[in-house]
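Throughout, read-outs are computed from the coordinates displayed, never taken from laboratory work. A quick note: this is a predicted structure, and the numbers were derived from the prediction, not measured. Here the Cβ positions follow ideal geometry from the backbone for every residue, glycine too, while neighbour counts run over all protein chains shown.
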Amino acid sequence: MILMFPPVTANATGFLAAWKAWGAGSMLLRTPYNLTLGIISVYAVFGIAYSLAKTRDVHPGYASIISLFTFIVLAGAPVKSELGWGIPLSQLDAQGMFGGIILAMLTVEITAWYIKKGPKIKMPASVPPNIVAVFDYLFPLAINLIVFVALNEAIKAALGFGIITLVQNLISPLLSFTDSLGSVIVINLLVIGFWFFGIHGAAMVASLIDPIQSANLAANAAAVEAGGVGTAILAGSYKSIFGTQIMFEALLIAVLIFAKNERLKSLCKLSLVPNLFNINEPLIFGLPIVMNVTMILPILLTTILNTGATYLLMKSGFLKKVFVSTVATFPSPINAFLSTMDWKAPVVWFILFAINIVIFAPFVKMYDRQADEEDAAARGE
């Protein structure tokens, strides 16, 4: 995606213009995109079915193949064109993700039920177990196909579209709601709230919003790939790059600048390199942020500021939305650029970073005095 869409203006000339023209029309670059984000639902279905099957004590390989085959029958049934037979990708990308997630779970549950309680073909003891397993899973495959194809056809007859589109239509209001300014701010505040109590905030929230962020990222990428612009803001790593990471970096630098307590300064020097690569645990548990009532107010204020400002700038079109998946441990200013391919994104990142430091300054000085008092008490002074 980065090579396909370099950050150049429409009237660019010279090398950058040639790069843009080559990237936009290069099948060499579009093929990896089409086979990754372009069919992201295929990977989601297989991975979810595989993991769920292991918890249900059924063969994860066979169960995931049954789920994937059923999904492709519903979402990617081959069609004939002037080029011959082919599988349409329109519902194998982000559009089919939520339908695929539900289908993966249901097919595995049906498979697990049949394997545990359904009738089996009796095979001679001399037949190898792996061959017996193949026959055992033929019936769940048939049952899943019959049930979901029949249901899909019934829904098509009634509504004009199938199960995958129905789920997408039902989930669309939720996607719109979670992409609102209020929801994005609340999500980041939840992350901070969990961290305050010593719970891994990003991990807690990820289980709820990762499917939404992934679907939005794929949708934005598809829009850009088609020559348009992304529309979803809560996509990819937006909430961390443009929210909490700015705050964590600013807090560390504010302590290094304004604090005089040796314990705090030593801790932040130790945390500097990990924090640069978005590993914030040394700061969170060392400063600490956990149960730190003095620092929680500026942390919440800066998180709201960062999320709200970048959200509004993206909503207005001043900043491009996130459409590139980046490496989580790249420094955030670099990720701000790479995820949006917009040179203004790191500029905004650093402006907010500077404002965050100013907000933290009086609170850091207050906490610095508290740290001195705590150290004096520990020494018995």
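Numbers at a glance
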item	result
Label-point separation in nm, Leu190 to Thr231, each point 7 Å along Cα→Cβ	2.4 nm
Cβ-derived FRET efficiency at R0 35 Å, Ala77 paired with Trp19, nearest 0.05	0.35
Full-stretch length increase - Leu35, Leu270 - with 0.36 nm per residue and alpha-carbon distance subtracted	80.4 nm
Residues Ile87 and Trp343, FRET efficiency given R0 of 41 Å [Cβ-Cβ distance, rounded to 0.05]	0.60
Separation in nanometres of the label points that stand 7 Å from Cα toward Cβ, at Phe197 and Arg263	2.6 nm
Inter-probe distance in nm under a simple model that places probes 7 Å from Cα toward Cβ, at Glu109 and Ser126	4.3 nm
Charge dipole (debye, nearest 20) of the chain; +1 at Cβ of Lys and Arg, -1 at Cβ of Asp and Glu	500 debye
Kyte-Doolittle mean at least 1.0 and Cα axial length at least 18 Å: DSSP H helices in the chain	40-55, 60-75, 97-117, 138-159, 163-178, 181-196, 245-258, 293-316
Contour minus Cα-Cα distance for Ala328 and Val293 (0.36 nm per residue)	9.7 nm
Alpha carbon centroid spacing (whole Å) that separates segment 321-381 from segment 73-106	43 Å
Entries in Lys265/Lys365; Lys20/Lys239; Lys269/Lys365; Lys54/Lys116; Lys239/Lys315; Lys239/Lys260 that, when Cα-Cα distance is taken, lie over 20 Å	Lys20/Lys239; Lys239/Lys260
Relative packing of peptides 129-135, 214-220, 298-304, 116-122 - highest average C-beta neighbours within 10 Å first	214-220, 298-304, 129-135, 116-122
For the chain, built as a Gaussian network whose Cα springs stay under 10 Å, the top-fluctuating residue of Ser126, Ser51, Ser325	Ser126
Options Leu159, Pro129, Val108, ranked by Cα towards positive dipole end of segment 75-176, top entry (Cβ charges)	Pro129
